[in-house]
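Notes to accompany the following structure.
Taken together, the values in this text are just the output of simple stated rules run on the coordinates, not laboratory data. Predicted model, so just to flag it, every value in this text is computed and none were measured. All Cβ positions, glycine included, derive from the backbone under ideal geometry; neighbour counts span all protein chains shown.
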Amino acid sequence: MPTNDSAEITAVGIGSAGGKIVSLLSRQSLLVDRFAYVSCDRDDLSSVEMGEKILVKSPVDQKLTPAMVRGLALGYHSRIRAAVEGSKVVFVVAGLGGATGSGLSPQVAAIARDTGAITVGVAVMPFEFENKLKFYAGTSLRRLRAASRGVIVIDNDTLMSASPEDSTLTSLYESANKEAVSALCSLLSKSSETSVSVGLNKLLGTVLQDGYSLLGVSTSGSIDKAEEALAGAVLSISKLAEAKEVSRAVVMLRGDASISGQEVGLVVKRLGSMINNQVVDVEYGVNYSGTAQLQVSLLASGFTSTKYDEYDPLTRILAGRTIDDEMDSALPSGLESLQPCD
């Protein structure tokens, strides 16, 4: 683990969702030093303002699968490695379920890991109604966990609560991405006049545990701000896994200058009782650059299983047995004879 918060940190955005989230993060004053982007779609990279851009090209126009994306990316491994080389910590951010995010996030995490970096996956899971994305998302999440020291899982349905009921699908994705960025900014913020940060080492101390880390977000809507916002964040996590499994947690409060030390203490004290676990180890921070509404971002770790296990039925059927768990790679039809150029 890095000995101080000045260790070089790189964030890599994979595909459309990962690229948008990392691009928004790059505009903030955070602990992250470098940014990189990997995608099969040129449009994903067109709005990126800073950082290394790696376009994985396909010579033919056809619908890609995660295996095809991995096959096409074989010739780009050296560029991906160069983009993360020398980093102490690498965050690999991706929306899972689509071909690019599902196909490349475990692969990029493995490349970063092999350079010696502490690799943390940040996986944004599909909405509940996106049934066709669940299998790819479930299998990719398991492989991302295997390739990383820790994984932070963000559920799109949790983030959707901030959107109006009549929102378009495009608006839902945009709102979910902004909520994810807001929560990640709180966790990765630097200490300043308007922020008391958690710090890199404490954040990693929570994330680098067995199992998964889940990120819940909630915003208050009444006068009982601290209690309500914390309860909402705990509820969002309890929908994904057994809350009583939590062993470590990071709580970030974001609001205006009216956040009192008493409210911070209340949140930290109440967390253990809300999850029926009085021994949970809690780190905390405060960001005063928000609004009168109080936002609580709760990162909890120690989960051995989540609802996403159901997305990957093969694991449940095999019950711990594996035939060949290596990630498969393929090339689009007609290009099988091409050799990687790495």
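Observations on the structure shown:
- All lysines inside 19 Å of Lys20 as judged from Cα atoms, apart from same-chain residues fewer than 8 positions distant: Lys53, Lys178
- Radius 13 Å from Cβ of Ser273, net charge of other residues (Lys, Arg +1; Asp, Glu -1): +2
- Of all complete DSSP H helices in the chain, those with a Cα span along the helix axis of 24 Å or greater and a mean Kyte-Doolittle hydropathy of -1.0 or more are 131-147, 169-187.
- Hydrodynamic radius of the chain per Kirkwood, over alpha carbon pairs, in Å: 20.3 Å
- Of the peptides 115-121, 254-260, 272-278, the order by per-residue mean of other Cβ atoms within 10 Å, starting with the highest, comes out as 115-121, 254-260, 272-278.
- Under 5 Å between amide hydrogens, built in the peptide plane, is the criterion, and for Phe91 it picks out Thr10, Ala11, Val12, Val120 among residues at least 5 positions away or on other chains.
- Scattering profile of the stretch 9-148 at q = 0.14, 0.16 Å⁻¹ [log10 I(q)/I(0), Debye over alpha-carbon scatterers]: -0.56, -0.74
- DSSP bridge pairs, the chain: antiparallel proportion in percent, nearest 5: 35 percent
- Point-to-point label distance, Ser258-Lys244, nm (Cα→Cβ direction, 7 Å offset): 3.8 nm
- Extension gain from Leu314 to Gln293, taking 0.36 nm per residue of separation minus the Cα-Cα distance: 3.2 nm
- Counting only DSSP beta bridges with both residues in the stretch 209-303, the antiparallel share comes to about 70 percent.
- When peptides 148-160, 9-21, 47-59 are sorted by average Cβ neighbour count within 10 Å, with the highest value leading, the order is 9-21, 148-160, 47-59.
- Three-way shape label, the stretch 209-303, alpha-carbon gyration tensor, a/c 1.5: prolate
- Each stretch of four or more DSSP H residues adds -39500 (n - 2.57); spread over every residue of the chain, this sum gives -11500 deg cm²/dmol at 222 nm.
- Cβ-derived FRET efficiency at R0 22 Å, Lys190 paired with Ser46, nearest 0.05: 0.15
- Considering only alpha-carbon pairs that sit under 8 angstrom and 6 or more positions apart, the relative contact order computed for the chain is 18 percent.
- GNM top mover of Val93, Val122, Val282 - the chain, alpha-carbon springs below 10 Å: Val282
- With contacts taken as Cα pairs under 8 Å at a separation of at least 6 residues, the stretch 209-303 carries a relative contact order of 49 percent.
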